[in-house]
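Some notes on the structure that comes next.
The values are calculated or read from the model by the stated rules, or taken from the named source; none is laboratory data. Because the structure is predicted, anything quoted here is derived from the model rather than measured. Cβ placement follows ideal geometry from the backbone for every residue including glycine, while neighbour counts extend to all protein chains displayed. We work out accessible area using only protein heavy atoms, side chains counted, and drop any ligands, DNA or RNA first. Shrake-Rupley method; radii C 1.70, N 1.55, O 1.52, S 1.80 Å.
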Amino acid sequence: MGGVLAAAAAASVIVVGVLALSGRVTYPVNVGLGPLSMSHQISIPVAFSGDVCQSASVREQDPSVDCLRFFVHDAGWATDSLADPVRVQDADVRPTSATLTGTVQLATTGGWNALVAASVARTAILLSVASAVLILVSRLLATFAAGRGADARSLGQVRAVGWLLVSGGAAEVVFSLFSSASQFGYSVETFGSGPHLAAGGTSGVDVSAIAVGGLVLIVGELFRRAAVAESTPAA
């Protein structure tokens, strides 16, 4: 069921993306089918980071203070300390800085846009991979529930799951590196007293899906060798 829903979501993303890139609709798009609803949005990752104040007064309202008033107190912090307006980081673990990540939702004007096309392709590919993985996993579970064990077909399905995770993770890495807003010529400006958002979100590349896929491939190979060993008659 989960695989079918993911496949339907991928198809919906592709249809809405084609309509948006042809100028027939603009993002965000809300699709409702009876009790079900789906929101299609285009977004870019952003982050906010700053230092945490080591001391500050609760009476201070100066917006020019550029540290975050976030204080951690241990269990021994007395409530009568509230009478003192000055707060200090007095716990045995003390916050020093904070980074918040999220996304900024974008509205489009319609028509061809490379950033929109890349976002649609990224979402559609990842949903398609998720759909295929869920379908294969459900078939594997049905095989094991029937007590048929690890045959050639189920081992092939395990390997397929592994390769799908690896390919999906690799696609995510490629999109992360080469489909940012700056790659398509957009720039971001922030000003004022803050807080200021930085485009790009967190740094680094997530390779966890590739790692999990590699692990699944290794497990599948171990099962294959075990099955071969069981089917080989003893000398």
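Structure data summary
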| quantity | calculated |
| --- | --- |
| Lone unmet requirement of (1) touching a helix residue (DSSP H, G or I) at 6+ places or on another chain (Cβ under 7 Å); (2) open to solvent by 90 Å² or more (accessible area, probe 1.4 Å); (3) modelled with pLDDT of 90 or more for VAL216 | (2) |
| Every residue from the stretch 43-73 that is over 29 Å from SER187 (Cβ atoms) and in a strand (DSSP E or B) | VAL52, SER55, ALA56, SER57 |
| Residue in the stretch 33-42 that is free of Cβ contacts under 8 Å to residues at least 24 places away in the same chain and outside any strand (DSSP E or B) present | yes |
| Test: residue in the stretch 68-83 that is of a type in the set (Gly, Ala, Ser) and open to solvent by less than 60 Å² (accessible area, probe 1.4 Å) | yes |
| Hits in the stretch 126-141 - residues which are of a type outside the set (Ser, Thr, Tyr) and either open to solvent by 60 Å² or more (accessible area, probe 1.4 Å) or at pLDDT 90 or above (or both) | LEU126, LEU127, VAL129, ALA130, ALA132, VAL133, LEU134, ILE135, LEU136, VAL137, ARG139, LEU141 |
| Options SER182, SER154: the member that is surrounded by 18 or more Cβ atoms within 10 Å (Cβ to Cβ) and without any contact (Cβ under 8 Å) to a residue 40 or more places away in the chain | SER154 |
| Qualifying residue in the stretch 84-92 (condition: of a type outside the set (Lys, Arg), closer than 28 Å to GLY200 by Cβ and modelled with pLDDT of 90 or more) | no |
| Criterion: within 28 Å of the chain's Cα centre (by Cα), open to solvent by 70 Å² or more (accessible area, probe 1.4 Å), closer than 29 Å to ALA11 by Cβ and small (Gly, Ala, Ser) - qualifying residue of ALA114, ALA107, ALA118 | ALA107 |
| Selection status of SER49, modelled with pLDDT under 90 and open to solvent by 70 Å² or more (accessible area, probe 1.4 Å) | yes |
| Index of the failed condition, GLY110 passing every other in (1) modelled with pLDDT under 95; (2) part of a helix (DSSP H, G or I) | (2) |
| Some residue of the stretch 15-24 being modelled with pLDDT of 90 or more, buried (at least 16 other Cβ atoms within 10 Å of the Cβ), touching a Leu at 6+ places or on another chain (Cβ under 7 Å) and not hydroxyl-bearing (Ser, Thr, Tyr) | no |
| In the stretch 187-213, the residues that are crowded, with 16+ Cβ neighbours inside 10 Å, at pLDDT 90 or above and not aliphatic (A, V, I, L, M) | GLY213 |
| Residues located in the stretch 33-46, provided they are open to solvent by less than 50 Å² (accessible area, probe 1.4 Å) and out of contact with any helix residue (DSSP H, G or I) (no Cβ under 9 Å at 6 or more places or on another chain) | VAL46 |
| Test set (1) of a type outside the set (Lys, Arg); (2) exposed (fewer than 11 other Cβ atoms within 10 Å of the Cβ); (3) part of a loop (DSSP other than H, G, I, E, B) - ASN30 fails condition number | (3) |
| Meets criteria (of a type in the set (Lys, Arg) and either open to solvent by 80 Å² or more (accessible area, probe 1.4 Å) or within 30 Å of SER131 (Cα to Cα) (or both)) for ARG87 | no |
